[in-house]
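K.L.:
Once you've had a glance at the structure underneath, I'll fire off some questions.
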Amino acid sequence: MIILKSPSEIAAMRVAGSILAAILEELRAMIRPGVSLFEIDKRAEQKTQYYKAIPAFKGYNGFPASICASVNEEVVHGIPGNRVLKSGDIIGLDFGVVFNNFYADSAITVPVGQVSPEVDRLIQVTEKALYLGIHQAKPGNRLYDISGAIQQYVESNGFSVVRDFVGHGIGRKMHESPQIPNFVGNDYNPVLKTGMALAIEPMVNIGTYEVDVDTVDNWTVRTADQKYSAHFEHTVAVTETEPEILTLLRPELLPEV
Ligand code: MG
Ligand code: MG
(Lines give C-alpha, C1' and ligand atoms only; values in the text may rest on other atoms or scores of the structure.)
(Ligands and ions follow the chains in the order given, each with its own letter.)
Protein backbone atom coordinates (compact mmCIF):
# COMPACT_ATOMS: atom_id res chain seq x y z
CA MET A 1 0.00 0.00 0.00
CA ILE A 2 1.31 3.44 -0.90
CA ILE A 3 0.91 6.01 1.89
CA LEU A 4 -0.27 9.39 0.63
CA LYS A 5 1.07 12.41 2.50
CA SER A 6 -1.02 15.44 3.47
CA PRO A 7 0.24 18.95 2.64
CA SER A 8 1.45 19.36 6.25
CA GLU A 9 3.34 16.07 6.06
CA ILE A 10 4.94 17.15 2.78
CA ALA A 11 5.86 20.43 4.51
CA ALA A 12 7.64 18.45 7.24
CA MET A 13 9.49 16.43 4.63
CA ARG A 14 10.51 19.68 2.90
CA VAL A 15 12.27 20.78 6.10
CA ALA A 16 14.05 17.42 6.43
CA GLY A 17 14.99 17.67 2.77
CA SER A 18 16.35 21.16 3.18
CA ILE A 19 18.56 20.12 6.10
CA LEU A 20 19.80 17.18 4.06
CA ALA A 21 20.55 19.37 1.04
CA ALA A 22 22.48 21.86 3.15
CA ILE A 23 24.67 19.08 4.53
CA LEU A 24 25.21 17.38 1.17
CA GLU A 25 26.34 20.69 -0.35
CA GLU A 26 28.86 21.05 2.44
CA LEU A 27 30.12 17.52 1.85
CA ARG A 28 30.39 18.18 -1.89
CA ALA A 29 32.62 21.17 -1.15
CA MET A 30 35.00 18.92 0.84
CA ILE A 31 35.69 16.61 -2.10
CA ARG A 32 39.29 16.88 -3.34
CA PRO A 33 42.37 14.69 -3.56
CA GLY A 34 43.72 13.94 -0.09
CA VAL A 35 40.46 13.95 1.86
CA SER A 36 39.49 10.71 3.63
CA LEU A 37 36.04 9.16 3.62
CA PHE A 38 36.16 9.14 7.39
CA GLU A 39 36.53 12.95 7.46
CA ILE A 40 33.51 13.34 5.19
CA ASP A 41 31.43 11.06 7.39
CA LYS A 42 32.50 12.95 10.53
CA ARG A 43 31.42 16.26 8.97
CA ALA A 44 28.05 14.78 8.02
CA GLU A 45 27.50 13.58 11.56
CA GLN A 46 28.52 16.91 13.11
CA LYS A 47 26.29 18.93 10.79
CA THR A 48 23.35 16.61 11.36
CA GLN A 49 23.71 17.14 15.10
CA TYR A 50 24.00 20.88 14.51
CA TYR A 51 20.57 20.90 12.89
CA LYS A 52 19.22 18.58 15.61
CA ALA A 53 18.37 15.98 13.01
CA ILE A 54 19.16 12.25 13.09
CA PRO A 55 21.33 10.47 10.53
CA ALA A 56 18.99 7.95 8.96
CA PHE A 57 21.48 5.30 7.88
CA LYS A 58 23.51 4.95 11.06
CA GLY A 59 22.39 1.74 12.73
CA TYR A 60 20.01 0.90 9.88
CA ASN A 61 20.30 -2.91 9.75
CA GLY A 62 23.57 -2.31 11.57
CA PHE A 63 25.12 0.13 9.06
CA PRO A 64 28.08 1.64 10.93
CA ALA A 65 28.29 5.21 9.52
CA SER A 66 26.22 8.31 8.81
CA ILE A 67 26.79 8.42 5.06
CA CYS A 68 27.23 5.81 2.38
CA ALA A 69 30.41 6.65 0.45
CA SER A 70 30.91 4.62 -2.72
CA VAL A 71 34.09 5.15 -4.75
CA ASN A 72 34.62 4.29 -8.44
CA GLU A 73 33.33 0.73 -9.07
CA GLU A 74 31.39 0.83 -5.80
CA VAL A 75 27.73 1.35 -6.67
CA VAL A 76 26.05 2.03 -3.32
CA HIS A 77 26.33 1.27 0.41
CA GLY A 78 30.08 1.84 0.70
CA ILE A 79 31.25 2.23 4.30
CA PRO A 80 33.37 5.36 4.84
CA GLY A 81 36.72 4.31 6.30
CA ASN A 82 40.26 5.62 6.07
CA ARG A 83 40.48 5.47 2.27
CA VAL A 84 41.89 8.73 0.89
CA LEU A 85 40.52 10.15 -2.36
CA LYS A 86 42.84 10.75 -5.30
CA SER A 87 42.48 12.58 -8.59
CA GLY A 88 40.54 10.49 -11.10
CA ASP A 89 38.26 8.93 -8.47
CA ILE A 90 34.55 9.55 -8.28
CA ILE A 91 32.61 9.37 -5.06
CA GLY A 92 28.93 8.71 -4.52
CA LEU A 93 27.64 10.37 -1.37
CA ASP A 94 24.30 8.96 -0.26
CA PHE A 95 22.77 10.50 2.83
CA GLY A 96 19.52 10.42 4.75
CA VAL A 97 18.20 12.36 7.72
CA VAL A 98 15.18 12.18 9.98
CA PHE A 99 13.70 15.42 11.30
CA ASN A 100 10.39 15.66 13.17
CA ASN A 101 9.75 12.00 12.35
CA PHE A 102 10.08 12.39 8.60
CA TYR A 103 12.82 11.06 6.37
CA ALA A 104 14.63 12.62 3.45
CA ASP A 105 17.07 10.75 1.21
CA SER A 106 19.39 12.12 -1.49
CA ALA A 107 22.61 11.21 -3.26
CA ILE A 108 25.18 12.89 -5.49
CA THR A 109 28.24 11.66 -7.35
CA VAL A 110 31.22 13.99 -7.39
CA PRO A 111 34.42 13.79 -9.48
CA VAL A 112 37.71 14.07 -7.59
CA GLY A 113 40.29 16.23 -9.34
CA GLN A 114 40.52 15.32 -13.02
CA VAL A 115 38.44 12.37 -14.28
CA SER A 116 38.38 10.80 -17.75
CA PRO A 117 35.87 12.12 -20.32
CA GLU A 118 33.95 8.82 -20.20
CA VAL A 119 33.61 8.98 -16.44
CA ASP A 120 32.58 12.61 -16.63
CA ARG A 121 29.89 11.61 -19.14
CA LEU A 122 28.74 8.81 -16.80
CA ILE A 123 28.13 11.38 -14.07
CA GLN A 124 26.31 13.80 -16.42
CA VAL A 125 24.09 11.07 -17.88
CA THR A 126 23.16 9.69 -14.44
CA GLU A 127 22.20 13.11 -13.09
CA LYS A 128 20.15 13.94 -16.19
CA ALA A 129 18.45 10.52 -15.98
CA LEU A 130 17.36 11.41 -12.44
CA TYR A 131 15.75 14.65 -13.64
CA LEU A 132 14.05 12.90 -16.58
CA GLY A 133 12.62 10.38 -14.11
CA ILE A 134 11.48 13.12 -11.73
CA HIS A 135 9.73 14.87 -14.62
CA GLN A 136 7.46 11.81 -15.00
CA ALA A 137 6.36 11.88 -11.34
CA LYS A 138 2.94 13.33 -12.11
CA PRO A 139 -0.58 12.26 -11.15
CA GLY A 140 -2.09 9.98 -13.79
CA ASN A 141 1.28 8.69 -14.96
CA ARG A 142 2.35 5.24 -13.85
CA LEU A 143 5.41 4.20 -11.89
CA TYR A 144 7.08 2.73 -14.97
CA ASP A 145 6.86 6.10 -16.73
CA ILE A 146 9.58 7.14 -14.24
CA SER A 147 11.52 3.89 -14.70
CA GLY A 148 11.23 3.96 -18.48
CA ALA A 149 12.41 7.56 -18.84
CA ILE A 150 15.52 6.72 -16.81
CA GLN A 151 16.25 3.44 -18.58
CA GLN A 152 15.70 4.81 -22.07
CA TYR A 153 18.04 7.77 -21.55
CA VAL A 154 20.76 5.74 -19.85
CA GLU A 155 20.77 2.91 -22.36
CA SER A 156 20.62 5.27 -25.35
CA ASN A 157 23.86 6.71 -23.96
CA GLY A 158 25.49 3.28 -23.91
CA PHE A 159 25.40 2.76 -20.14
CA SER A 160 23.38 0.30 -18.03
CA VAL A 161 21.00 0.64 -15.08
CA VAL A 162 21.47 -1.47 -11.97
CA ARG A 163 18.65 -4.01 -11.50
CA ASP A 164 19.30 -5.29 -8.00
CA PHE A 165 18.83 -1.99 -6.15
CA VAL A 166 15.96 0.43 -6.68
CA GLY A 167 14.32 3.61 -5.43
CA HIS A 168 11.47 3.64 -2.94
CA GLY A 169 8.57 5.43 -1.37
CA ILE A 170 9.58 7.47 1.70
CA GLY A 171 7.91 9.26 4.59
CA ARG A 172 7.74 8.25 8.25
CA LYS A 173 9.92 5.34 7.18
CA MET A 174 12.96 5.47 4.95
CA HIS A 175 11.67 2.66 2.76
CA GLU A 176 7.98 2.58 1.95
CA SER A 177 6.02 1.14 -0.95
CA PRO A 178 6.43 1.31 -3.90
CA GLN A 179 9.81 0.07 -5.02
CA ILE A 180 10.95 2.29 -7.89
CA PRO A 181 13.10 0.38 -10.37
CA ASN A 182 15.25 2.27 -12.85
CA PHE A 183 14.10 -0.11 -15.58
CA VAL A 184 10.70 -1.25 -16.82
CA GLY A 185 9.73 -4.59 -15.34
CA ASN A 186 6.60 -6.73 -15.13
CA ASP A 187 5.71 -6.06 -11.52
CA TYR A 188 3.67 -3.57 -9.59
CA ASN A 189 3.00 -0.51 -11.76
CA PRO A 190 0.63 1.75 -9.84
CA VAL A 191 -0.88 5.00 -11.06
CA LEU A 192 0.87 7.96 -9.42
CA LYS A 193 -1.20 10.18 -7.16
CA THR A 194 -0.85 13.56 -5.53
CA GLY A 195 0.66 13.10 -2.06
CA MET A 196 3.04 10.30 -2.97
CA ALA A 197 6.62 10.86 -1.81
CA LEU A 198 9.21 9.02 -3.86
CA ALA A 199 12.97 8.59 -3.53
CA ILE A 200 14.06 8.28 -7.16
CA GLU A 201 17.65 7.08 -7.50
CA PRO A 202 19.23 5.88 -10.74
CA MET A 203 22.39 3.81 -10.28
CA VAL A 204 24.19 3.74 -13.62
CA ASN A 205 27.15 1.61 -14.71
CA ILE A 206 29.58 2.09 -17.57
CA GLY A 207 29.62 -1.66 -18.28
CA THR A 208 27.41 -4.51 -17.12
CA TYR A 209 24.44 -3.83 -14.86
CA GLU A 210 25.42 -6.81 -12.74
CA VAL A 211 26.66 -6.12 -9.23
CA ASP A 212 28.08 -8.05 -6.28
CA VAL A 213 27.81 -7.39 -2.57
CA ASP A 214 31.08 -7.49 -0.61
CA THR A 215 31.28 -10.83 1.19
CA VAL A 216 33.34 -9.43 4.07
CA ASP A 217 31.47 -6.26 5.09
CA ASN A 218 28.14 -7.46 3.61
CA TRP A 219 27.35 -3.88 2.54
CA THR A 220 29.49 -2.51 -0.27
CA VAL A 221 27.90 -3.10 -3.68
CA ARG A 222 30.35 -3.17 -6.62
CA THR A 223 29.97 -3.58 -10.36
CA ALA A 224 30.68 -7.17 -11.40
CA ASP A 225 33.15 -5.94 -14.08
CA GLN A 226 34.83 -3.36 -11.80
CA LYS A 227 33.90 -0.49 -14.14
CA TYR A 228 32.76 2.80 -12.63
CA SER A 229 29.23 3.48 -11.42
CA ALA A 230 27.36 6.71 -10.57
CA HIS A 231 24.32 7.42 -8.38
CA PHE A 232 22.04 10.43 -7.95
CA GLU A 233 18.91 10.64 -5.82
CA HIS A 234 16.23 13.10 -4.78
CA THR A 235 13.17 12.77 -2.59
CA VAL A 236 10.23 14.03 -4.66
CA ALA A 237 6.57 14.81 -3.91
CA VAL A 238 3.91 14.16 -6.53
CA THR A 239 1.73 17.28 -6.65
CA GLU A 240 -1.25 18.35 -8.74
CA THR A 241 1.12 20.35 -10.93
CA GLU A 242 4.87 19.85 -11.30
CA PRO A 243 6.79 17.30 -9.21
CA GLU A 244 8.38 18.98 -6.20
CA ILE A 245 11.95 18.09 -5.24
CA LEU A 246 11.94 18.04 -1.43
CA THR A 247 15.71 17.58 -1.08
CA LEU A 248 16.61 21.07 -2.25
CA LEU A 249 18.25 23.67 -0.05
CA ARG A 250 15.71 26.26 1.01
CA PRO A 251 17.65 28.35 3.55
CA GLU A 252 14.49 29.88 5.03
CA LEU A 253 13.34 26.39 6.09
CA LEU A 254 16.49 25.47 8.01
CA PRO A 255 15.80 25.23 11.73
CA GLU A 256 17.24 27.98 13.91
CA VAL A 257 20.24 26.65 15.77
MG1 MG B 1 19.86 7.40 -0.59
MG1 MG C 1 17.16 5.89 -1.24
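K.L.:
Looking only at residues that are closer than 15 Å to ALA230 by Cα and either over 11 Å from the mean Cα position of the chain (by Cα) or of a type in the set (Asp, Glu) (or both) in the range 77-90, which one is farthest from ligand 2 (Cβ to nearest atom)?
P.N.:
So the residue we want is GLY88.
K.L.:
Cβ-Cβ under 8 Å, sequence separation 6+ or interchain: first residue in the range 14-42 and among the basic types (Lys, Arg), partner assigned to a helix (DSSP H, G or I) and surrounded by 14 or more Cβ atoms within 10 Å (Cβ to Cβ). Which pairs?
P.N.:
ARG14/LEU253
K.L.:
Within the range 63-180, considering only strands (runs of 3 or more DSSP E) that don't extend past its boundaries, which have at least 3 residues that are among the small types (Gly, Ala, Ser)?
P.N.:
102-111
K.L.:
Please go through the range 192-228 and pick out each residue that is within 24 Å of ALA137 (Cβ to Cβ) and more than 16 Å from ligand 2 (Cβ to nearest atom).
P.N.:
LEU192, LYS193, THR194, GLY195, ASN205, TYR209 - these are the residues of the range 192-228 that are within 24 Å of ALA137 (Cβ to Cβ) and more than 16 Å from ligand 2 (Cβ to nearest atom).
K.L.:
Now for a different question. May I ask you to list the residues in the range 77-108 that are farther than 17 Å from ARG28 by Cα and within 14 Å of ligand 1 (Cβ to nearest atom)?
P.N.:
HIS77, VAL98, TYR103, ALA104, listed by residue number.
K.L.:
Just to be sure, is THR215 without any contact (Cβ under 8 Å) to a residue 40 or more places away in the chain, among the hydroxyl-bearing types (Ser, Thr, Tyr) and surrounded by fewer than 18 Cβ atoms within 10 Å (Cβ to Cβ)?
P.N.:
Spelling it out, THR215 is indeed without any contact (Cβ under 8 Å) to a residue 40 or more places away in the chain, among the hydroxyl-bearing types (Ser, Thr, Tyr) and surrounded by fewer than 18 Cβ atoms within 10 Å (Cβ to Cβ).
K.L.:
What residue, among those in the range 91-102 that are more than 24 Å from VAL204 (Cβ to Cβ) and crowded, with 24+ Cβ neighbours inside 10 Å, is nearest to ligand 2 (Cβ to nearest atom)?
P.N.:
Here the residue is VAL97.
Table: residues versus (1) without any contact (Cβ under 8 Å) to a residue 40 or more places away in the chain; (2) within 15 Å of ligand 2 (Cβ to nearest atom); (3) surrounded by fewer than 19 Cβ atoms within 10 Å (Cβ to Cβ).
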| residue | (1), (2), (3) |
| --- | --- |
| LYS138 | no, no, yes |
| SER160 | no, no, no |
| VAL166 | yes, yes, no |
| GLU176 | no, yes, no |
| ASN189 | no, no, yes |
| THR235 | no, yes, no |
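K.L.:
Can you tell me which residue within the range 103-133, out of those that are within 15 Å of ligand 2 (Cβ to nearest atom) and open to solvent by 10 Å² or more (accessible area, probe 1.4 Å), is farthest from VAL238 (Cα to Cα)?
P.N.:
Within the range 103-133, the match that is farthest from VAL238 (Cα to Cα) is ILE108.
K.L.:
May I pose another question? With respect to the numbered conditions (1) more than 21 Å from GLN226 (Cα to Cα); (2) buried (at least 24 other Cβ atoms within 10 Å of the Cβ), which one is the sole condition not fulfilled by VAL184?
P.N.:
(2)
K.L.:
Filter the range 37-68 for residues that are in contact with a Phe, Trp or Tyr (Cβ under 9 Å, 6 or more places away or on another chain) and buried (at least 22 other Cβ atoms within 10 Å of the Cβ) and give the result.
P.N.:
Of everything in the range 37-68, those that are in contact with a Phe, Trp or Tyr (Cβ under 9 Å, 6 or more places away or on another chain) and buried (at least 22 other Cβ atoms within 10 Å of the Cβ) turn out to be ALA44, THR48, PRO55, ALA56, ALA65, SER66, ILE67, CYS68.
The values are calculated or read from the model by the stated rules, or taken from the named source; none is laboratory data. Note that this is a predicted model, so its numbers are computed, not measured. Quick reminder, even Gly has a Cβ in these numbers, built from the backbone with ideal geometry, and neighbours come from all protein chains shown. The area values use the complete protein model at the heavy-atom level, side chains included, leaving out ligands, DNA and RNA. Shrake-Rupley method; radii C 1.70, N 1.55, O 1.52, S 1.80 Å.
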